[in-house]
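Data block below; observations after.
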Amino acid sequence: MLRLFDSVHGEVRDLRLRDPGRISMYVCGPTVYDLPHIGHGRQTLVWDVARRWFTFRGYDVRFVSNITDIDDNIINRATRDNTTEAAVAREFEDEWWSAMTAIGAAMPDDIPHATQYVAQMVDLIASFLDSGVAYPTSDGIYFDVSRVPDYGLLAGQPLESLRAGARVEANDEKRSPLDFALWKNAKPDEPSWPAPFGAGRPGWHTECVVMSLGLLGDDFDLHCGGFDLKFPHHENERAQAVAAGRPFARHWAHHGWVMVGNEKMSKSLGNFTSLTDLLEKTDARAYRLLVLRSHYRSPIEVTPATIADAERALERLDSLARRFDLPSLAGDMLEEGSHYAWEGEALDLYDRVATKLDDDLDTPLAVAQLFEALGAANAAADRGDETEARTLATAVNLLFAAMGLALDAGADDVDPASADLVSRRDAARSVKDWAEADRLRDELVALGWVVEDSADGTLIRRP
Ligand SMILES: [Zn+2]
């Protein structure tokens, strides 16, 4: 049984699925007007790992994530860059997917674009006007949150205390500061769509409720996003579903922040300015490993120091792959775990890792188990127990791949100086100059390498 923290109930709960064996999940996607930032990367990684793990556990997962391709930021950017909103959205959606592909995220099964669902949004808003849940003002159509009895469920606060805390807004036509825009009336030179209640464009909260229900249907399983989306975005999505009489997400799951230190520090420490920037400077797998080593609900710090730490851990994994010549299981979603042979030590390891991941996706504990197994595999090989060593190493490789992290046996991370020592040592051995070969071996060991002799010559790996 999969368990996940449910934001409505504030506790880890069994994932009770609409259809046994199937998981429908919706992740709020980006508004495309700029390069994806580091936090976007974490969001994508967290839910990519969840999706991959659920699939590995034998569930048939349908994964939907939207693109918001019209909003104020896109309009402002188009004005600034002297181009069209559509061109801005296209450019930054391309940037989004190339960055997300680079961090090894599988593409969603469906990628709804807000501008393709405007007709359905107009229908929903019209029905709210009919039932009196929505009302017009001079700048658009608003949703009356007082019409939803349990408004505040996701915020964890009743309507009254939310209202007391809400900031006073410029628009005094709103009945409550918590009421939100379903529709923004057309302004000159802005993109707009026709509607019986006047041309305009949809509000963000309306986009997601229409697209999630439209693709996944009533009562879908899992609605995901960052903690910052809980209120008001998810609250307002849910309020509209309730007002429309449609059962909405069965579970709500939210992931934690990314910290980059304060802004002053970020410059002097050479922090990453965007996900694209980070990917230019590091192996993308290091970011995934950093994300895996923290619980998805905890904040993480993404700085050159934490990334460097993850790179060192990654090097230990890659050296395992080199030692056992493990295949790289990159990219594609794995088949479900039961299709693989699990025996002895490997079965034990799989059970231990599955226990952690099935229980609220405890990736840090799962990763710790896998690193322990890595040590055991190397120790077994050192004492000559080739079967046990290989069984464990193969299982470690497979279980990391089940979380989307591919080990890489490629030797391209050997620096030129070390590579030079290796070729000089091979040359010395070929002329039986054992003293020189030993001296070069010592030099390599001093650089932190484990040196082995093989039929093909000198092999080096990290311990
Ligand atoms: Zn959303």
Test: residue in the range 181-198 that is within 15 Å of THR137 (Cβ to Cβ), assigned to a loop (DSSP other than H, G, I, E, B) and acidic (Asp, Glu): no
THR79 vs. criteria in a helix (DSSP H, G or I) and modelled with pLDDT under 95: no
Hey, ALA253 away from the ligand (no atom under 12 Å from the Cβ) and either in contact with a Leu (Cβ under 6 Å, 6 or more places away or on another chain) or farther than 30 Å from ALA78 by Cβ (or both) or not: yes
Qualifying residues in the range 411-452 (those that are assigned to a loop (DSSP other than H, G, I, E, B) and in contact (Cβ under 8 Å) with a residue 12 or more places away in the chain) - the one surrounded by the most Cβ atoms within 10 Å (Cβ to Cβ): TRP449
Any hit, the range 183-196, residues being modelled with pLDDT of 95 or more, within 16 Å of the ligand (Cβ to nearest atom) and more than 20 Å from the chain's Cα centre (by Cα): no
Residues of the range 204-214 satisfying the condition of being buried (at least 18 other Cβ atoms within 10 Å of the Cβ) and more than 11 Å from the ligand (Cβ to nearest atom): LEU213
Residue satisfying all of: in the range 19-74; closer than 19 Å to TRP204 by Cβ and small (Gly, Ala, Ser); surrounded by the fewest Cβ atoms within 10 Å (Cβ to Cβ) among these: GLY39
First in the range 111-124 and more than 17 Å from PRO191 (Cα to Cα), second anywhere and of a type in the set (S, T, N, Q) and modelled with pLDDT of 95 or more, Cβ under 9 Å, 6 or more apart: ILE111/SER65; ILE111/ASN66; PRO112/SER65; PRO112/ASN66; PRO112/SER212; LEU124/THR206; LEU124/GLN240
Sole residue being modelled with pLDDT under 95 and within 16 Å of the ligand (Cβ to nearest atom), chosen from ASP228, ASP277, ASP283: ASP228
Extreme residue, modelled with the lowest pLDDT, among residues of the range 336-387 that are closer than 14 Å to LEU320 by Cβ and acidic (Asp, Glu): ASP382
Enumeration of residues in the range 324-341 that are in a helix (DSSP H, G or I), farther than 20 Å from ARG461 by Cα and touching a helix residue (DSSP H, G or I) at 6+ places or on another chain (Cβ under 6 Å): GLY337
Tally, over the range 299-323, of residues that are outside any helix (DSSP H, G or I) and acidic (Asp, Glu): 1
Top-ranked residue in the range 231-250 [being surrounded by fewer than 23 Cβ atoms within 10 Å (Cβ to Cβ) and either on the phi > 0 side of the Ramachandran plot or assigned to a loop (DSSP other than H, G, I, E, B) (or both); ranked as nearest to the ligand (Cβ to nearest atom)]: PHE248
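The values are calculated or read from the model by the stated rules, or taken from the named source; none is laboratory data. Being a predicted model, the structure only gives us computed values, none of them experimental. Note that we place each Cβ from the backbone using ideal geometry, even for glycine, and neighbour counts take in every protein chain shown.
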